[in-house]
C-alpha cells in the first residue's frame with residue numbers, strides 16, 4: 001500500500017498543469033453544525049457545481065487507461081470526491097489539481113489491487129473501482145461499501161454481472177475478491193431491476209472485455225450518459241446511451257481524454273425547491289433543466305415560475321400561497337429519489353396537503369421526525385407520507401441523518417421562525433459544495449459552527 005498521502009486541499013492550488021502528481025488522503029469528518037435564522041427571502045445568483053454523482057464514476061474511469069484523464073467542472077471540495085481520490089491514490093492513481101475544479105488522474109501503474117475498508121466504508125461509490133480495476137488488471141479486491149443509511153443497497157447486481165462476464169468472485173472477510181485471469185468476456189446482461197451503480201460498473205468493465213456486452217434494463221440517468229460520453233472520448237465503442245439497452249464493444253486499450261462534468265441536477269432541483277419555499281428569485285448558473293423534467297410539473301403546480309436564459313435557470317414564486325402536490329419517486333426519467341426529502345419539506349407549508357411515495361429505498365423517511373420537531377404535520381404510511389400544510393415552522397435543534405435529509409433540514413430552517421441548529425452536517429459536506437456561502441450570498445442568515453461552539 002502507498003504511504004499515507006498528502007492532502008492537496010490543505011495547499012494552495014498550483015497554477016501549473018504540469019505540477020507533480022499528488023496522492024490524496026480523505027479528510028476526516030468533523031462535528032460541525034449549521035445555525036440558521038429563518039424568514040428571509042432568497043434573492044440572487046447561485047453557481048451550480050459539477051454533479052457529484054457523475055464525477056465519482058468518471059474518476060473511476062481513469063483506472064481503464066494508463067494515460068491521463070482530465071476532468072473539468074469537478075466539485076472538488078466535496079468529502080466524497082476527496083474520499084474517492086484517496087481510494088484511487090491507494091491503488092496507484094496519480095491525482096493532480098492544476099486549478100480549482102480541474103482534476104487530472106493518471107493510472108499509469110496500478111500499485112495495489114485492494115480498495116481498503118478504512119476508505120471504502122465512508123462512501124458507497126467506492127465500489128465503482130471494482131469493474132474497471134478487474135478489467136484492467138484481472139484482479140480486484142474491494143471492501144463492501146458504506147454511505148448514507150437510507151436502506152440496503154446490495155452490490156449483487158454488480159457481482160452477478162461480472163460473474164456473467166467470466167469473473168471468479170468470492171465474498172470473504174467483508175471484501176469482494178474478483179479474478180479474471182483470462183480477461184472478461186462480452187455477454188448479454190438483463191438487469192432484474194434498474195441500477196445506476198451496476199450499469200456504471202459493468203459499462204466500464206465491458207470497455208476492455210473481449211467481444212460485445214449488452215446491458216438490458218440499463219439505467220438512463222444523465223450521469224450514465226455523461227460517463228458513457230467520457231468513455232467514448234477515451235476510445236470506447238458504446239451505443240444506446242440514454243436508452244434501456246446499452247451496447248459496448250470491448251477494445252484492448254483506452255487512451256486519455258478531456259471531459260467536463262455535467263451540472264448537478266440534484267443541487268439544481270434543491271435550489272428550485274428553495275425558491276418555491278422561501279419566495280424570492282434565484283438565477284441558477286450553469287444548470288440543465290432538461291435533466292429535471294419530472295420536477296417541473298409538480299413545482300409549477302405548487303406555484304413556481306421557471307424560465308431559461310441560455311445555460312441559466314431563473315425561478316421565482318408566483319406570489320400566491322404554496323399549493324400541495326403529489327409525487328412518486330422512480331428511476332430516471334421519473335421523479336428523483338434524491339429530491340424527495342426537499343420536496344416534502346416544501347409541502348410542509350402548502351395549502352391543503354400533498355403525498356410523497358418512495359419506491360427506490362425502503363428507509364428514506366428518516367428526516368420526517370426532524371421536520372416534525374420544527375412543527376411539520378407529516379404522517380408515514382408504509383412507503384408513503386401525507387403532508388398537511390401548517391401555518392409556520394418554528395426553529396429547533398435537529399439532527400441530520402443522511403445527505404438529502406440534511407439539505408431538507410436546511411430548507412426547512414430557511415423558513416422556520418427563529419433559530420435552527422442542524423447537527424451532523426458532515427453529510428452535507430459529502431454532496432453540497434459551499435452551501436453556506438451560496439445561501440449567504442442570496443440573503444440567508446446562515447453560519448457554520450465548529451463542533452466546539
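Of note:
- Against the chain, whose longest principal axis comes from its Cα atoms, helix 222-233 is set at around 30 degrees.
- The modelled label-to-label distance for the pair residue 156/residue 297, using points 7 Å beyond Cα in the direction of Cβ, is 3.3 nm.
- Estimated FRET transfer efficiency when R0 is 56 angstrom, pair residue 290-residue 173 (beta carbons, to 0.05): 0.80
- Projecting label points 7 angstrom from Cα along Cα→Cβ for residue 77 and residue 311 puts them 2.0 nm apart.
- Judged by the mean number of other Cβ atoms found within 10 Å, the most tightly packed of the peptides 125-135, 168-178, 325-335 leads the ranking 125-135, 325-335, 168-178.
- Normalising the Debye intensity of region 193-301 to I(0), with uniform scatterers on Cα atoms only, and taking log10 at q = 0.11, 0.21, 0.22, 0.24 Å⁻¹ returns -0.45, -1.06, -1.12, -1.26.
- Hypothetical label at residue 239: residues of region 207-227 whose amide nitrogen lies under 14 Å (7 Å Cα-Cβ projection): 212-215
- Between the Cα long axis of helix 79-91 and the first principal axis of the chain there is an angle of about 10°, rounded to the nearest 10.
- Cα-based shape type of region 259-391, given that a ≥ b ≥ c are square roots of the gyration tensor eigenvalues and the cut on a/c is 1.5: oblate
- Whole-number percent relative contact order across region 265-449, with pairs defined as alpha carbons under 8 Å at least 6 apart: 16 percent
- Neighbour-count order for 191, 103, 343, fewest beta carbons within 10 angstrom listed first: 191, 103, 343
- The chain: relative contact order as a whole-number percent, Cα under 8 Å and 6+ apart: 20 percent
- Every helix of 4 or more DSSP H residues in the chain counts as -39500 (n - 2.57), and over all residues that averages to -8500 deg cm²/dmol at 222 nm.
- DSSP beta bridges fully contained in the chain are about 70 percent antiparallel.
- Cα-based helix-to-principal-axis angle, 293-302 vs the chain, degrees rounded to 10: 10 degrees
Since every read-out is calculated from the coordinates, none of them should be taken as a lab result. Please read these numbers as outputs of a predicted model, since none were measured by experiment. Using ideal geometry, Cβ is built from the backbone for each residue, glycine included, and neighbour counts are taken over all protein chains shown.
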